[in-house]
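Working notes for the structure below.
The values are calculated or read from the model by the stated rules, or taken from the named source; none is laboratory data. Being a predicted model, the structure only gives us computed values, none of them experimental. In this analysis, Cβ positions are derived from the backbone assuming ideal geometry, glycine residues included, and neighbour counts consider all displayed protein chains.
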Amino acid sequence: MKFFWAIAPPILILILGLIVLPGCSDEKGIESVMEPEVGEEGIDSNPVTMSATTNWSYAIHREICYALSRDRYNANDWGTSTRIIHNGGSWYAGDWNYMGLGIGKGGQCKVFASKIVDNATGGVLKIPTGYSYATGSINSVHSSDVIQRLSQYGRHTAIVLSVLERHPDGRPKKLDVIDSNFIQSGTITRHVLPMWGHELSQYRVW
């Protein structure tokens, strides 16, 4: 009996380690999403910015995948970044009624992003009211960050699914993002957002 209790814990740990949770397993470009550790219920409930609380990255990544395609999310079928392609273009449209606005509809970009963050974090994180809330440098952008284009360049809010490529100096070059009301009016889409010279100066990270 003593022998059984001595080997039981290691066996249990091994079994649990073999269990694979369903969800978004898409190729995440050159940077992977940080998975949450056990015991993170005590995360600061009043964070200043989303990028300062990377403990929520995994949850936000899963929620944004779920919003885009419930069927693919449930089937754990996300393939590679080529899945962005849709109808010969460079985007993939949402395919279910996540927002309650109709199939594939996300409404305004910030409203959509706010719902993602709220659902993913159980209301602990909330995108601030107003528009100019993002102040972080786009140079430090990572998967699951909320990014905002400055007002003078045309307002837009998106969530980064992954960083596909960076410039030699470390600045982002191509982002794989999911957003709403950008590629097509009021529609949830996944697409590549290039970060060349002028785009790098237009966006900030929340």
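Observations on the structure shown:
- Meets criteria (surrounded by fewer than 19 Cβ atoms within 10 Å (Cβ to Cβ), within 21 Å of Ile183 (Cα to Cα) and hydroxyl-bearing (Ser, Thr, Tyr)) for Ser151: yes
- Flag for Asp26 being of a type in the set (Asp, Glu), assigned to a loop (DSSP other than H, G, I, E, B), modelled with pLDDT under 90 and surrounded by 15 or more Cβ atoms within 10 Å (Cβ to Cβ): yes
- Of the residues making up segment 101-127, those that are touching a residue at least 40 places away in the same chain (Cβ under 8 Å) and part of a loop (DSSP other than H, G, I, E, B) number 8.
- Of all positions in segment 132-143, at least one carries a residue that is of a type in the set (A, V, I, L, M), in contact with a helix residue (DSSP H, G or I) (Cβ under 7 Å, 6 or more places away or on another chain) and within 20 Å of Tyr58 (Cα to Cα).
- Residue within segment 79-86 that is outside any helix (DSSP H, G or I), touching a helix residue (DSSP H, G or I) at 6+ places or on another chain (Cβ under 7 Å), more than 15 Å from His191 (Cβ to Cβ) and not aromatic (Phe, Trp, Tyr) present: no
- Among the residues of segment 87-113, just one is small (Gly, Ala, Ser), touching a strand residue (DSSP E or B) at 6+ places or on another chain (Cβ under 8 Å) and more than 19 Å from Asp176 (Cβ to Cβ), namely Gly107.
- Options Tyr131, Tyr98: the member that is out of contact with any Pro (no Cβ under 9 Å at 6 or more places or on another chain), in a loop (DSSP other than H, G, I, E, B) and crowded, with 16+ Cβ neighbours inside 10 Å: Tyr98
- Just one of the listed residues (Arg62, Arg72) is out of contact with any Cys (no Cβ under 6 Å at 6 or more places or on another chain) and in a helix (DSSP H, G or I), and it is Arg72.
- Selected residue [under 19 Å from His61 (Cα atoms), within 15 Å of the chain's Cα centre (by Cα) and at pLDDT below 95] from Ser180, Ser114, Ser162: Ser162
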